[in-house]
Amino acid sequence: MSTAALRHEDHSVEDLLGGLGVLQSAPRTPLEWVSLIRSGIPSQSVDALARTVQMSQAELAAALGIPERTLARRKREGTLNSEESAKVLRMARVVERAEAVFEDLEVALDWLKSPNAALCAVTPMSLLDTDIGAESVLDTLGRIEHGVFA
């Protein structure tokens, strides 16, 4: 995908996780996502997300707080467990939100991977392994969107 395509294409959570071809369903409501998480997101979603966020499997595993060997095993098995699925979905939701705020995927990814003073000088991506960390990142994105941080 070209840089221009990354700039002008809005990625939905579904797109970030590989689309209908990978997910085999198109969840539209939060409760439909809950059902998908409980049954387990297909492991191919990890590959799709890694490609879009331009991270290696090792980097993605670290950001998700899932051991790399566990991700490799899940890829062989074909499905993530519910906890892993929730972590992958959480990251996709944050990436989707960052892209919406910055209106450019490349800029959003740069922001997510760069130390941020508002987040105690850590990278937003490094906080996505916990709910509270992800909430802090989303809160910071909301502040940026509303002009609180220049």
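Rule-based calculations on the coordinates, nothing more; no lab input. Bear in mind that the values here come from a model prediction, so they are computed numbers and not experimental data. Methodologically, a virtual Cβ is constructed for each residue, glycine included, from the backbone with ideal geometry; neighbour enumeration extends over all protein chains shown.
Some observations on this one:
- Peptide ranges 104-112, 53-61 listed from the most packed, as the mean C-beta count within 10 angstrom indicates: 104-112, 53-61
- Nearest 10 degrees, 0 to 90: helix 131-145 Cα axis against the chain principal axis: 40 degrees
- Between ALA26 and ALA117, the FRET efficiency from the beta-carbon distance, with R0 = 30 Å, is close to 0.20.
- Its DSSP H runs of at least 4 residues, each contributing -39,500 (n - 2.57), put the calculated 222 nm mean residue ellipticity of the chain at -19000 deg cm²/dmol, to the nearest 500.
- Cα-based helix-to-principal-axis angle, 30-39 vs the chain, degrees rounded to 10: 50 degrees
- Cα gyration tensor shape of region 8-74, rounded if a/c is under 1.5, else prolate or oblate by comparing a/b with b/c: oblate
- Set against the labelled values (1) -0.74, -0.96, -1.24, -1.36; (2) -0.47, -0.75, -1.31, -1.52; (3) -0.55, -0.79, -1.21, -1.38, log10 I(q)/I(0) by the Debye sum over Cα atoms at q = 0.12, 0.15, 0.20, 0.22 Å⁻¹ computed from this structure falls on (2).
- Amide hydrogen neighbours beyond the local backbone of THR79, cut-off 5 Å, H modeled: SER43
- Sorting 15-22, 45-52 by average packing, meaning the other beta carbons within 10 Å per residue, from highest down gives 45-52, 15-22.
- Segments 25-31, 113-119, 83-89, 137-143 sorted - mean Cβ within 10 Å per residue, highest first: 83-89, 137-143, 113-119, 25-31
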